[in-house]
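Take a look at the structure below.
The values are calculated or read from the model by the stated rules, or taken from the named source; none is laboratory data. As the structure is a prediction and not an experimental result, all values here were calculated from the model. Here the Cβ positions follow ideal geometry from the backbone for every residue, glycine too, while neighbour counts run over all protein chains shown.
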Amino acid sequence: MATTDETEFDVAIVGGSYAGMSAAMQLARGHRKVLVVDGGQRRNRFAAHAHGVLGQDGRAPAEIAEDGRAELWEYPTVSWVEATVESVDKAGDGFHLITHEGKRYQAARLIIATGVRDVLPEVPGLQERWGTSVFHCPYCHGYELQRQPIGVLGVGEVSMHHALMLPDWGPTVFFINDSFEPDAEQLRQLARRDVCIERTPVAKIAGERAVVHLADGRKFDLAGLFVASRLQHPMPLAEQLGCAFEETPVGPVIQTDATQATTVAGVFACGDVARGAGNVTFAMADGAMAGIAAHRSLMFDGL
């Protein structure tokens, strides 16, 4: 790995989790000088195990990330800085980045791989169980619940998707929680999937797993509870550069094309920051595409 005293790079990658490292590896294998700036806040840091990742099923997310970082550090053209990027701006044909410590870096291309934060409903006990018995992705966590009773906490009509999916993983209770009222067609769909509807508001989540306490005193002892979190971008980099966003049912993501290019020339985005539904496999694949596309732009743009 190169020293971090250098300030000029072919590509700067903001975010060093699965997407960012995957992008960096493609560029390093093309002998390009790559800077990875990482703040150390992986989205799945609350989960003890990562599932559904071929060849890595059941491993701790931190271990997968550490292995990836160790592999990346074998490439001498990669530099790694542990910092957060405070601002970025267009500078001629490239970009200037300034970290929270005031360090400045310049790169011809930029890849945004910052990930997102999950904003949860303000229900007591929900945040504390995030990643252990409260989840957002049934493909990531549903199998381990072994068809035991599970629940969906409503946050709006978007929760219908969860409620209709989850019976494949276990008997499902849909806690609407005053978030919306299903129409006649939605009620028919829920009935066909044998979803139990509970309209009494949720007072709190307690217990070692996910015991849902309702406002009327009743309790539901569940193996797991699923909720659609609202996505929040941790850094305003895309906004600073003028990248377009697209709205998804769970919040805005950076708009990209099939090569992970944004609407701003020379800027690419990958991972959860550019996708409404994310997991480790998607992040790695998007990162690989972003890295390859950034490399191709360095080779071919302007020929």
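Does Ala91 satisfy the criteria of being closer than 30 Å to Met299 by Cβ, modelled with pLDDT under 90 and of a type in the set (A, V, I, L, M, F, W, C)?
Yes.
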Q | Yes/no for Gly102 being surrounded by fewer than 21 Cβ atoms within 10 Å (Cβ to Cβ), at pLDDT below 95 and assigned to a loop (DSSP other than H, G, I, E, B) | A | yes
Q. Taking the stated definitions as given, is Thr248 of a type in the set (Val, Ile, Thr), under 30 Å from Gly151 (Cα atoms) and loosely packed, with under 15 Cβ neighbours inside 10 Å?
A. yes
Q: Have a look at His100, His51, His96 and point out the one that is in the same structural domain as Leu27 (by TED's automatic domain parsing), in contact with an Asp or Glu (Cβ under 9 Å, 6 or more places away or on another chain) and over 30 Å from Cys243 (Cα atoms).
A: His51
Q) Which residues, taken from region 129-146, are farther than 25 Å from Arg199 by Cβ and not aromatic (Phe, Trp, Tyr)? A) Gly131, Thr132, Cys137, Cys140, His141, Glu144, Gln146
Q: Go through (1) surrounded by fewer than 16 Cβ atoms within 10 Å (Cβ to Cβ); (2) modelled with pLDDT under 95 one by one and return the number of the condition Arg188 breaks.
A: (2)
Q: Would you check which residues across region 19-49 are crowded, with 19+ Cβ neighbours inside 10 Å, at pLDDT below 95 and in a helix (DSSP H, G or I) and list them?
A: Arg43, Asn44
Q) Only one of these conditions is not met by Lys90: (1) surrounded by 20 or more Cβ atoms within 10 Å (Cβ to Cβ); (2) within 22 Å of Thr259 (Cβ to Cβ); (3) among the charged types (D, E, K, R). Which number is it? A) (1)
Q: State yes or no: is Phe282 surrounded by fewer than 20 Cβ atoms within 10 Å (Cβ to Cβ) and among the aromatic types (Phe, Trp, Tyr)?
A: yes
Q. Which ones in region 86-118 are of a type in the set (A, V, I, L, M, F, W, C) and in contact with a Ser or Thr (Cβ under 6 Å, 6 or more places away or on another chain)?
A. Ile98
Q: Identify, from the list Glu128, Glu122, the residue that is surrounded by fewer than 21 Cβ atoms within 10 Å (Cβ to Cβ), in a helix (DSSP H, G or I) and out of contact with any Phe, Trp or Tyr (no Cβ under 7 Å at 6 or more places or on another chain).
A: Glu128
